[in-house]
Amino acid sequence: MKKYYDKILFLLGLAVLGIGAGIFFYKGGLPVSTPLPPMRLSGTAFESIASPNLEEPSAEWEAPPDQGEDLNETGWTYSVFTPPKIWWETGEGWSAIPPQGAGKTVPFGIRLIDAKKDLYRVQLVGSGANGDDKDVAVFTDVTSGYGFELREGEENQRHQVKLLTLTVGREEKPHGIVKEVVKATILDEQTNQNVDLVSDEPYSPTNNEFYDLKISAPYPEQDWKVTKVDDSIDLFPDAPNKGKFVVVALDFDKPSVTVDKHSYNKKGREIITKRELMIVDDSAPPPQPAKPGKPTAKPAM
């Protein structure tokens, strides 16, 4: 029965659609609008307008003021701006102009070569001793390098020495070693003074130490023998006013020499640099860093 209802509803829909289409065409289809009247231009004719003459604004910047000598000597353009690279110079301060040798280690120009004692002109070497009055003292002349012998009471006119007393003994050293020790008292006929000498012990009068120093690049090479504080030497022998080294301290036990270097910068300002000089063994290899190892075991408690 249901199939018949579907067919009836379908036929009824077609009938309603046909009636609607008939009414539409009977009425004339789509409505037609009234045509618009023809259009005409109105108003005044177009007039071309001249383009305006535009003036571009311009600005004139004044040149920075000339900083004169200050710019040439320091390199600073303005005090409020920091140059990309600046240097610090001792006694001068900050500068934008690289100092001489900037980025390199400038040598100090002096080093200590040796510290010595000025030996007395005659040294006691030993003896040809038999334990009697024929014992002979053997001497050497430090200045000439010649040796000579004397017995008690004898003198040597060439070396201007007279032997006053001679003692020969033996002294026990560590490890059971027995060494002959010769002692002599002489008269120095140059100074008319008595001098005590001991074999194998070089004799030097008190306060007679001296130091051998070497001046080198960047200064002319010179050898300098220093004997006391306040000794000085010019950095440039041909130009005494260009700087100098001055000794401010001596220490024979280290040994060391402390000097002040007086030099001048480009503005003529004096710069004083202090340095303690010590003997350096150039042949010794540089110290090597310790290799990491295992920690030492702690003893058992």
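The values are calculated or read from the model by the stated rules, or taken from the named source; none is laboratory data. Model, not experiment: these values are computed from the prediction. Every residue, glycine as well, gets a Cβ built from its backbone with ideal geometry; the counts of neighbours run over all protein chains shown. Please note that ligands, DNA and RNA were not included when accessible areas were found on the heavy atoms of the full protein model with its side chains. Shrake-Rupley method; radii C 1.70, N 1.55, O 1.52, S 1.80 Å.
Worth pointing out:
- Separation of the Lys179 and Asp141 label points, Cα + 7 Å toward Cβ, nm: 2.8
- Given a 1.4 Å probe and the protein chains as shown, Glu155 ends up with an accessible area of around 90 Å².
- If the segment from Gln193 to Thr258 were pulled out straight at 0.36 nm per residue, it would be longer than the present Cα-Cα gap by 19.9 nm.
- Accessible-area value, Ile177, 1.4 Å probe, nucleic acids and ligands omitted, Å²: 100
- Beyond 28 Å in Cα-Cα separation lie the following of the pairs Lys117/Lys173; Lys134/Lys179; Lys183/Lys254; Lys116/Lys266: Lys183/Lys254; Lys116/Lys266.
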